[in-house]
Structures are given as structure tokens and as C-alpha cells.
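Below is one structure, written out as C-alpha cells; comments come after it.
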Amino acid sequence: MFTSILRRPLLPLFALPLLLAPVPLPAQTGGAPYSVDGRGFSRLQDAVDAIGEGEGTIRIAPGYHRDCAVQTAGRIAFVAAEPGRAIFDGVTCEGKAALVLRGDGARVDGIVFQNMRVPDGNGAGIRLETSDLDVVNAMFRGSEEGILTADDPEATLTIDRSTFSRLGRCDRGLSCAHSVYTGIYGRVTVTRSRFEKGSGGHYLKTRAIAVDINDNSFDDTQGKATNYMIDLPSGSVGRISNNLLVQGRDKENYSAFIAVAAEERKNPSRGLIVEGNRASLPPGMDRRSVFVADWSGEALAIGANELGAGLTKFEKR
């Protein structure tokens, strides 16, 4: 049952060569750090505007890019020319994120986002405001938030083979930020990804109507002042399966691993499947927690999960 978990890589495909290779040089300002169909652009926003209401791919050169852009139309793929070596570092647009997306759809492939901070405490790699988004083989690290979305009940967010590290915060009297936080999206799918070393908030918080959270690792052993690993605050249907979850010692809230409808019962939760997961506390931890805490009052479909010492399968709250 747990073969896929044991064999799953803990980092996206580009991560190992990225860790072993020299740090890339800054993006060449005299060349063309961004290109669309062979045309070079020195600013990311110019490349986005060149696609306009159409459909196109922006290839992003290796290096550190202290740049950002807002997409308001069209369908755009933001693709690293060399996965893991195009790094957006510390610059946000509209006080939100490196990429602010409100066009007709987008794809982000092979890009690293780091050091995003803004006055309201929600500095993100990506702020998704409408439409579909596919994120693949990306890395989000050392920021207030990885991905943050608005509401779009007709749209889908898909995350695959990506890493979220040293994200989240609950300080300064502001609302908490999280590694990933989505509004009421139609569907959120997260697969083959790694969440680790959280610095506050939840690792994956989503108000999506339906979820598919499958074959991921949530490693909280080096987290600081973190909360739930998976939070479905408005309820949700779908599946949480084949994930590896380890709760750390330094918790703001260690009462549960997965929370369902803790804030409201806006979405149905009846039939939400939770099965094939492995969950544990760190070795030597003398503490108790609950694997699934439920506020929805609906019948969840909790199947076979492998739970470590100190963990209770389910609790109605």
C-alpha cells in the first residue's frame, strides 16, 4: 500500500543538480533574460505584454532575476530555460508577488522563488487571482508565502513535483501566511511535492471545493511555530492519499495533522477520502495528536492509514 511513498523522491527533479552545482551568476542585463518566440526582452513585464491577449511561452534565462510581472490577459507559460537556475529573488509587483496572475491561464515550470516580503505579510512567489494555473518542478523558499490565491470556483490549481521550504508566518499582529493558501477554487491538486521547515501558519491551507492531495511529503521536523499540515478550513471533497506526514516539536498548534471545516462549513465534506497515508511524531516525542480533526459533522471516508505512536485516527470537534 505504501510502496509509492517509500520510493517517492523528496525533492523535485531539478533539486539535486541545483544543490551540487555552482550558484548561477546574476542574469545578464546586457543580453536578453526573457525571450518570446526568439525575441528578447530585458524586463519580464515587457515579455508578458508582448503576448498580450494571445498565448505564448516566456523562456527565462539562468540567473538571479530581481524582477516581477502582472499578467492581465492571455495564456502564458513561464518556463526556466534551465530548470532550477532561474531564480526570482525578493522583488514583488503590486505589493503581492513576483508573478501576479489574472489572465486566462498560466503555467510555471522549473522556476525558483525566494525572499518575498511585503508590508501586509503575504509576500508570495505567485499570487493567483483568477483562472487555471499549473505549477511544475518549481521551488518556493524563504518567503512569507509560496502561492496565494483569490477565489475562482470555476478554475483549477495544479501543483506537481515542487518544493515549499521555510515559508509561512504568524507575527506582527497580521493574519497568518502559509506555504500554500488558496481561496475557494474549484479544484486544487497537489502531487509529488515536498513541504518542509515551515516558519508559521499551515503548510497547505485550501478552501477548494474539491482536492486531490496525493503522494506528497510534509516534513515538519524542522518547522517553527507551525500549525496544521493540511487545513481544509471551509470543508472539501475529494481525496487525501499516499502522503507522508511527520509533525515536528516546535508547534503553535499540535492538536491535529489534518483539519476539516475548522472555520466554516461552506463546502460539502461528505465522502472526503483519507487513506493510504503515513503519519508520525518524531522519535522520542511524548505527545498526543489527532490525525484527522473534523468540524463538518459529515461522514468522511477515512480508510486505512499507518499511524505512529501517540496518534488518534479521528476526532469530531
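Observations, loosely collected:
- Positive contributions from Lys and Arg (+1) and negative ones from Asp and Glu (-1), summed over other residues with Cβ under 14 Å from the Cβ of residue 239, come out at -1.
- Along the axis of the charge dipole computed for the chain (Cβ charges of +1 for Lys and Arg, -1 for Asp and Glu, origin at the Cα centre), the listed residues 58, 213, 302 are led at the positive end by 302.
- Counting only DSSP H runs of at least 4 residues, each contributing -39500 (n - 2.57), and dividing by the residue count of the chain, the helix-based mean residue ellipticity at 222 nm comes to -1500 deg cm²/dmol.
- Under the convention that each Lys and Arg Cβ holds +1 and each Asp and Glu Cβ holds -1, the size of the dipole of the chain around its Cα centre is about 840 debye.
- The stretch 47-111: Rg to Rh, with Rh as the Kirkwood radius over Cα pairs: 0.94
- Pairwise Cα distances in the chain exceed 32 Å for 25 percent of all pairs.
- Under-5 Å amide H pairs with residue 190, H placed in peptide plane, nonlocal only: 159, 212, 213, 214
- Debye log10 I(q)/I(0) for the stretch 235-299, one point scatterer per Cα, at q = 0.17, 0.24 Å⁻¹: -0.65, -1.07
- Local charge for residue 41 was computed over the other residues whose Cβ lies under 14 Å away, with Lys and Arg +1 and Asp and Glu -1, and equals -1.
- Whole-number percent relative contact order across the chain, with pairs defined as alpha carbons under 8 Å at least 6 apart: 10
- Between amide H atoms placed 1.01 Å from N, distances below 5 Å from residue 55 occur with 75, all of them 5 or more places distant or on a separate chain.
- Stokes-Einstein translational diffusion, the stretch 184-291 - Kirkwood Rh over all Cα pairs, 1.567 mPa s, 4 °C, in µm²/s: 94
- Here's the picture: charge each Lys and Arg Cβ at +1 and each Asp and Glu Cβ at -1 in the stretch 213-317, and of 222, 280, 269 the one pushed furthest to the positive end of that dipole is 269.
- Charge dipole (debye, nearest 20) of the stretch 164-317; +1 at Cβ of Lys and Arg, -1 at Cβ of Asp and Glu: 220
- Taking each of 224/266; 224/316; 197/266; 205/313; 251/316 in turn, the alpha-carbon distance tops 25 angstrom for 224/266; 224/316; 197/266.
- Carbon + sulfur, % of accessible area of the chain - ligands and nucleic acids excluded, 1.4 Å: 49
The values are calculated or read from the model by the stated rules, or taken from the named source; none is laboratory data. Treat the numbers as computed from the prediction; the structure is a model and nothing was measured. Glycine also receives a Cβ, built like all others from the backbone with ideal geometry; neighbour counts cover every protein chain displayed. Keep in mind that these areas ignore ligands, DNA and RNA; they rest on the heavy atoms of the full protein, side chains included. Shrake-Rupley method; radii C 1.70, N 1.55, O 1.52, S 1.80 Å.
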